[in-house]
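Trainee: This is the structure I want to talk about, given as structure tokens.
The values are calculated or read from the model by the stated rules, or taken from the named source; none is laboratory data. Just so you know, these numbers come straight off a predicted model, no measurement behind them. Backbone-built Cβ (ideal geometry, glycine too); neighbour counts: all protein chains shown. The protein model used for the area step is the full one, side chains on, heavy atoms only, and it has no ligands, DNA or RNA in it. Shrake-Rupley method; radii C 1.70, N 1.55, O 1.52, S 1.80 Å.
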Amino acid sequence: MNNGLKALLFDVDGTLADTERDGHRVAFNAAFDEYGTGWHWDVDLYGKLLAVTGGKERIRFYASAFLNNENLPANFEQLVPELHAAKTRHYTQLLSTGAIPLRPGIERLLKEARKENLRLAIATTTTPDNVTALLKHTLGSASLGWFDVIAAGDIVPAKKPASDIYDYALSEMKLAPYECLAFEDSHNGILSSMGAGIPTIITVNDYTREHDFSQALLVLDTLGEPDQPFTAMQGKAHNHTYVDCALLKMLHGQ
Ligand code: XBP
Ligand code: MG
């Protein structure tokens, strides 16, 4: 059995970039205003809504858990995909302004991994257009070709925490889970990646700092940079201060 490290699989929201509070949330609210729903998701409420992944699923969760499905627009079920399409339009427009940068260490690690011939993939719940827009406006259009597979959105039956999206990416890449590492930021994310059997490294953010990451190989505040060391919250950092391919190979062989 060859269990050498062959590929890195990345979540997008919260992992490649801090997209939720100042990106998706803002875009949902812009869509709600456009359609005159009278709804507004503030920063705290949005944290609770993140319990459910997927934008359409999150709108339905809001209606049931926070509005008791009362006083909804008459055509609510039909409105959900329309609202979500408007939200995607607002979100991709926001990304095109360069408002959301990549998190520390992401660009450096992706480039180093390419030099080291590690294969790359994306495994995310978000809509494919959102991934394309983020990559294009941070790393440039050519970066779309860096990834063997961009697994996103509704292409699988069940979103995270189900393992479907990681299972799909592995099968497209014809790789076994033990040949890969996954990068995630949330409890739902690690349930999905570990559900597919992929050892997982976590970088937390303000919404996920208190989540249960007991299954993680390593939990960090960020991937770090040579001049911006990470803080390790769980696991062995092997005297590293930023995540590079050498550290990933050590963690993978652990
Ligand atoms: C990301 C999500 C997504 C985005 C919204 O989860 O939950 O739903 O918030 O995206 P993960 P869409 O990082 O675990 O993949 O509105 O395009 O669904
Ligand atoms: Mg995430």
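Trainee: If you scan the range 105-123, which residues turn out to be of a type outside the set (A, V, I, L, M) and open to solvent by less than 40 Å² (accessible area, probe 1.4 Å)?
Mentor: GLY105
Trainee: Within the range 56-79, does at least one residue satisfy the condition of being out of contact with any His (no Cβ under 6 Å at 6 or more places or on another chain), among the hydrophobic types (A, V, I, L, M, F, W, C) and within 24 Å of THR138 (Cα to Cα)?
Mentor: Looking for residues that are out of contact with any His (no Cβ under 6 Å at 6 or more places or on another chain), among the hydrophobic types (A, V, I, L, M, F, W, C) and within 24 Å of THR138 (Cα to Cα), one finds none in the range 56-79, hence no.
Trainee: Taking the range 126-182, which residues are within 22 Å of HIS84 (Cα to Cα), open to solvent by less than 70 Å² (accessible area, probe 1.4 Å) and not in a helix (DSSP H, G or I)?
Mentor: THR126, THR127, ILE150, ALA151, ALA152, VAL156, ALA158, LYS159, LYS160, PRO161, ALA162 - these are the residues of the range 126-182 that are within 22 Å of HIS84 (Cα to Cα), open to solvent by less than 70 Å² (accessible area, probe 1.4 Å) and not in a helix (DSSP H, G or I).
Trainee: List, please: which pairs have Cβ atoms under 9 Å, are six or more places apart or on different chains, and start with a residue in the range 75-101 that is under 12 Å from ASP22 (Cα atoms) and open to solvent by 20 Å² or more (accessible area, probe 1.4 Å) and end with one that is part of a loop (DSSP other than H, G, I, E, B) and of a type in the set (A, V, I, L, M, F, W, C)?
Mentor: Listed by first residue and then by second, the contacts come to LEU94/ILE100.
Trainee: Continuing with this model, one more query. Against the condition touching a residue at least 12 places away in the same chain (Cβ under 8 Å), under 17 Å from ASN205 (Cβ atoms) and in contact with a helix residue (DSSP H, G or I) (Cβ under 7 Å, 6 or more places away or on another chain), how does THR53 come out, does it pass? Please lay out each step first, then the result.
Mentor: On the way: touching a residue at least 12 places away in the same chain (Cβ under 8 Å): yes; under 17 Å from ASN205 (Cβ atoms): yes; in contact with a helix residue (DSSP H, G or I) (Cβ under 7 Å, 6 or more places away or on another chain): yes.
In short, yes.
Each row is one residue, and each column tells you yes or no for (1) within 13 Å of ligand 2 (Cβ to nearest atom); (2) closer than 21 Å to ASP22 by Cβ; (3) at pLDDT 95 or above.
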| position | (1), (2), (3) |
| --- | --- |
| LEU109 | no, no, yes |
| HIS137 | no, yes, yes |
| SER163 | no, no, yes |
| GLU184 | yes, yes, yes |
| PRO199 | no, no, yes |
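Trainee: Cβ-Cβ under 9 Å, sequence separation 6+ or interchain: first residue in the range 10-31 and farther than 25 Å from PRO177 by Cβ, partner open to solvent by 30 Å² or more (accessible area, probe 1.4 Å) and within 9 Å of ligand 1 (Cβ to nearest atom). Which pairs?
Mentor: Qualifying pairs under 9 Å: GLU20/LEU50.
Trainee: For a quick check of your reading of the model, give me the residue pairs whose first member lies in the range 115-126 and is in the same structural domain as LEU247 (by TED's automatic domain parsing), whose second is polar (S, T, N, Q) and within 16 Å of ligand 2 (Cβ to nearest atom), with beta-carbon atoms closer than 6 Å and at least 6 apart or on different chains.
Mentor: THR125/THR53
Trainee: Can you confirm whether THR126 is under 20 Å from the mean Cα position of the chain (by Cα), of a type in the set (Val, Ile, Thr) and away from ligand 2 (no atom under 16 Å from the Cβ)? Spell out how you get there, then give the answer.
Mentor: On the way: under 20 Å from the mean Cα position of the chain (by Cα): yes; of a type in the set (Val, Ile, Thr): yes; away from ligand 2 (no atom under 16 Å from the Cβ): no.
No; evaluated as a whole, the condition is false for this residue.
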